[in-house]
């Protein structure tokens, strides 16, 4: 296939060429003058399974030919004599061993990093070991680095790498994966030197970014019939620029740096690199433009000399569209619109982006048109149903069970899937309503077992015991072996997934996501003996880290021509339309990940790759992708919280075009933006809501027979201020759904404080010596401990009681001189004759004096209403006094009220009298009858927000009244209901 040559054979394909197709075309062209079986003797080594599948599909498309032997770069070990090499150390085992070392380091020196970064540090240390072995850097090199002029941190890291390396080497019978791979490649090279193969051996598609791969490429290029085919080679780069790529510190971020390193190792010049075939790139003029824009920083002055020589800028930019969206949503919507048109036109289109958030937004937008793109990255395993389920179960070991955590797991689609999921969902619905209404915020075994259904149902008792057994008392504060944690997790997860009436694990391990998760757990179970002891939190973090590294591709029927690729997949695929999305700094290229072990200078001394290597690889991906037949370049000018910075490559391209006015560069750049603006305008039009008439201010008038016949005195102020809320609650019978995540709010504080003072006063009646500050505080501690499960709230509320305790006891002693309590939390009700209406109340406290007169007290944990407010709106205590004189309290009978008072128990104790002298009970009773009578009139509507104290007040039913589409200046619109 190849003519004899004294120099290594390196071929290349220019940017923009469909690499697999050009590779196949070149193979066919070179075998045309040879026997048919010659092609079958070719050994073709590629670097990804996707490329291998594409090459096979191209051969299958015809003409009929024998297929070359296609293998993967990572499978070279299957053809290499191992020469007694031990098996590879499993990556998970090494990760567990390194995690223990890092944990000990953090315990010895907590200032090095937070405990939460344990597994991130372990992963970075493992990555450093892989890189050292792949690049042939020994630990002696790291030990001998000069850190004399650097901080102690680097010296500690250097020492720890030494300790960790010695510990890893002590593992008998195993060898590091990268070290084993490098040794196998060296063995293969030695075998080829002794007995070189006479058949063609071609390595295609690799850039030689790793040291082991670079060695293999150099060895194959020197074989008698060996060749290397490089992707995305810049044939337009001048020789003087190639010469300037020697220094990694300034050139490793250039897209062609790896090729320069390969050529240097083989003593080749750029002119020695020949095209693999005669396939022309789609846009040669664009390749020249991009090549010039990506020149290394020290030689960008070439823009001034070579820029004016660029020809055909119009052809270079005619199929390029620049999207500069105002926000990420606009960018995703414009991209989705273009992909939709490509689907309708039968065009092959691909979005290439390392920004997973952008790809998810685009996928979600395409879903509205029932277009399912073929996403090469799939879904992260930790976000799949089994991944989420396992992480939720692991959290049960870490913290006290809360209501939302319990329902999150019970509602999970994988929970109780063994049998009878219908009854499970019905029981769960009633449990949720009970937890929302009655709590407790942290359900325990007793509270779960005390839960009852509104109606008896078969299987409920077993279900309730199943819930209490699996979800309560799972918190473990001890350090346990990893094997014990894994066993507990698997047993508990499968029991929750199976359900209360079935054995097994339900559908937890079904489908691709379940199979992948099960494989991860089996691997963890097999290697758990090497994990040591850990806390529940460390185990949950480890589980999340392991699941985050897996991906699941479980597509039902993706669209055959609409694809989403990562930058790696884009190297081996071709498309009519390529969209480069998310071209902002930090996204593409991604920000260099800081190395906690070796800084940039030390890495260069050791011969390791610099952080800029990833930037250089991304630059090469960009240079290849932008050379497609039709290209979109997109970015968002602003992210969710700040302005963005355009990618350095896009910035260079725009600056170069702006600096070429004589060749119409600025006009061509503006044309690119105009083409993009057209799609952005369409995206805005698509999102523009349909104009609808705003809702009117409601004032419903239900039939008199449907109007409420019973209210409490606390609802009278609401009837005055916001009648619509009374209509929604009593006529529509809509109740506010309490939040699932309970918090120590003002309502709970009021309930608990009322109970504290009620118990305190009752006990002091039997034993007046208990009327002391100490007894009040002790009673407060006891009841707060019983009813408030939040330690911080208990402390804060106890401090409030402590602040007012002295004033309250002094005022109570004064009250005892004239009256004594006779009732607490007394229920009362009275009818408003001749209306068919009942008013009800619950009096916090009723005292009686020596003359038989009543004294009413109402505790307020908030600010008590002023006298003016009571006269106008806040009439509950005045109505309570009127009810007492009407005989509403059955055990007390009709009595005259001498005094009614609010006792404020907030930050300071206040006593606010009810103005019964200005608004006597008889008058209040008559005014109440008049108010209620008005709402029994058919023409009286229940207007929304009729007379609120402040416009900023929000009601429970404002969303139902569509408040916001109207304001308080709007006239209520009556609506007769039937």
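The values are calculated or read from the model by the stated rules, or taken from the named source; none is laboratory data. Remember, it's a predicted structure, so these values are computed and weren't measured experimentally. As a convention, Cβ positions derive from the backbone with ideal geometry for all residues, glycine included, and neighbour counts pool all protein chains shown.
Given the structure, is residue 781 touching a helix residue (DSSP H, G or I) at 6+ places or on another chain (Cβ under 7 Å), farther than 19 Å from residue 904 by Cα and surrounded by 17 or more Cβ atoms within 10 Å (Cβ to Cβ)? Judged against the criteria, residue 781 is not a match.
Inspection of the range 107-115 finds a residue satisfying the criterion of being within 33 Å of the chain's Cα centre (by Cα), more than 19 Å from residue 211 (Cβ to Cβ), crowded, with 16+ Cβ neighbours inside 10 Å and modelled with pLDDT under 80.
Within the range 955-978, the residues that satisfy the criterion of being within 38 Å of the chain's Cα centre (by Cα) and exposed (fewer than 11 other Cβ atoms within 10 Å of the Cβ) are 959, 964, 967. Every condition in (1) in contact (Cβ under 8 Å) with a residue 60 or more places away in the chain; (2) in contact with a helix residue (DSSP H, G or I) (Cβ under 9 Å, 6 or more places away or on another chain) is met by residue 697 except one, and the failing one is (2). Scanning the range 182-206 for residues that are over 41 Å from the mean Cα position of the chain (by Cα) and in a loop (DSSP other than H, G, I, E, B), which turns out farthest from residue 48 (Cα to Cα)? The selected residue is 195. When the range 928-952 is limited to residues that are assigned to a helix (DSSP H, G or I) and free of Cβ contacts under 8 Å to residues at least 12 places away in the same chain, the one that is farthest from residue 962 (Cα to Cα) turns out to be 930.
Flag not set for residue 338, criterion: in contact with a helix residue (DSSP H, G or I) (Cβ under 9 Å, 6 or more places away or on another chain), free of Cβ contacts under 8 Å to residues at least 12 places away in the same chain and part of a helix (DSSP H, G or I). With respect to residue 624, is the statement that it is within 16 Å of residue 255 (Cβ to Cβ) and assigned by TED's automatic domain parsing to the domain that holds residue 367 true? Taking the combined requirement at face value, the residue satisfies it.
Evaluating residue 891 against the criteria (1) surrounded by fewer than 20 Cβ atoms within 10 Å (Cβ to Cβ); (2) farther than 23 Å from residue 758 by Cα leaves one unmet condition, (2). Taken over the range 833-852, the criterion of being in contact with a strand residue (DSSP E or B) (Cβ under 9 Å, 6 or more places away or on another chain) and surrounded by fewer than 17 Cβ atoms within 10 Å (Cβ to Cβ) is satisfied by 838, 840, 842, 849, 850, 851. If you go through the range 90-98 one residue at a time, do you hit one that is surrounded by 18 or more Cβ atoms within 10 Å (Cβ to Cβ), more than 31 Å from the chain's Cα centre (by Cα) and at pLDDT 75 or above? Among the residues of the range 90-98, not one is surrounded by 18 or more Cβ atoms within 10 Å (Cβ to Cβ), more than 31 Å from the chain's Cα centre (by Cα) and at pLDDT 75 or above, which makes the answer no.
Does the range 44-52 include one or more residues that are assigned to a loop (DSSP other than H, G, I, E, B) and over 30 Å from residue 267 (Cα atoms)?
Residues of the range 44-52 that are assigned to a loop (DSSP other than H, G, I, E, B), as a first pass: 47-48.
Adding the requirement that they be over 30 Å from residue 267 (Cα atoms) leaves none.
No, that holds for no residue.
Going by what's in this entry, would residue 301 be described as surrounded by fewer than 18 Cβ atoms within 10 Å (Cβ to Cβ) and not assigned by TED's automatic domain parsing to the domain that holds residue 26? Yes; evaluated as a whole, the condition is true for this residue.
Which of the following residues is in a loop (DSSP other than H, G, I, E, B), in contact (Cβ under 8 Å) with a residue 40 or more places away in the chain, more than 17 Å from residue 750 (Cα to Cα) and out of contact with any helix residue (DSSP H, G or I) (no Cβ under 8 Å at 6 or more places or on another chain): 917, 836? The match here is 836.
The set of residues from the range 884-899 being under 15 Å from residue 857 (Cβ atoms) and assigned to a helix (DSSP H, G or I) comprises just one member, 884.
Look at the range 807-822: where a residue is under 15 Å from residue 849 (Cβ atoms), no partner that is modelled with pLDDT under 90 and part of a helix (DSSP H, G or I) sits 6+ places away or on another chain with Cβ atoms under 6 Å. For residue 418, the conditions (1) outside any helix (DSSP H, G or I); (2) free of Cβ contacts under 8 Å to residues at least 12 places away in the same chain are fulfilled apart from (2).
Residues of the range 396-415 that are assigned to a helix (DSSP H, G or I) and either outside the structural domain of residue 466 (by TED's automatic domain parsing) or crowded, with 17+ Cβ neighbours inside 10 Å (or both): 403, 405, 406, 407, 409, 410.
Residue 5 satisfies every condition listed in (1) surrounded by fewer than 21 Cβ atoms within 10 Å (Cβ to Cβ); (2) within 21 Å of residue 233 (Cβ to Cβ); (3) in the same structural domain as residue 236 (by TED's automatic domain parsing) except (3). Highlighted here are the helices (runs of 4 or more DSSP H) found entirely within the range 467-568 that include at least 2 residues which are farther than 25 Å from residue 410 by Cα: 482-498, 511-527. Among the residues making up the range 485-509, those that are surrounded by fewer than 16 Cβ atoms within 10 Å (Cβ to Cβ) and under 25 Å from residue 549 (Cβ atoms) are 487, 491.
Among the residues that make up the range 958-969, is at least one of them in contact with a helix residue (DSSP H, G or I) (Cβ under 8 Å, 6 or more places away or on another chain) and more than 24 Å from residue 870 (Cα to Cα)? Checked against the condition, which is being in contact with a helix residue (DSSP H, G or I) (Cβ under 8 Å, 6 or more places away or on another chain) and more than 24 Å from residue 870 (Cα to Cα), the range 958-969 yields at least one hit. If you go through the range 662-696 and keep only what is in a loop (DSSP other than H, G, I, E, B) and in contact with a strand residue (DSSP E or B) (Cβ under 6 Å, 6 or more places away or on another chain), you end up with just 696.
Residue-by-condition table, conditions (1) within 30 Å of residue 342 (Cα to Cα); (2) free of Cβ contacts under 8 Å to residues at least 60 places away in the same chain:
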| site | (1), (2) |
| --- | --- |
| 533 | no, yes |
| 566 | yes, no |
| 595 | no, no |
| 606 | no, no |
| 610 | no, no |
| 622 | yes, no |
| 636 | yes, no |
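Whenever a residue of the range 251-263 is without any contact (Cβ under 8 Å) to a residue 40 or more places away in the chain and not assigned by TED's automatic domain parsing to the domain that holds residue 609, its partners that are part of a loop (DSSP other than H, G, I, E, B) and surrounded by fewer than 23 Cβ atoms within 10 Å (Cβ to Cβ), lying with C-beta atoms within less than 9 angstrom and at least six residues away or across chains, give the pairs 260/245; 260/246. Restricting attention to the range 795-806 and to residues that are touching a residue at least 40 places away in the same chain (Cβ under 8 Å) and surrounded by 16 or more Cβ atoms within 10 Å (Cβ to Cβ), the residue that is farthest from the chain's Cα centre (by Cα) turns out to be 804.
Under the condition of being over 22 Å from residue 677 (Cα atoms) and touching a residue at least 12 places away in the same chain (Cβ under 8 Å), which residue from the range 638-661 is nearest to the chain's Cα centre (by Cα)? Looking at residues that are over 22 Å from residue 677 (Cα atoms) and touching a residue at least 12 places away in the same chain (Cβ under 8 Å), I get 659. The residues of the range 807-831 that are surrounded by 19 or more Cβ atoms within 10 Å (Cβ to Cβ) and within 19 Å of residue 707 (Cα to Cα) amount to a single one, 830.
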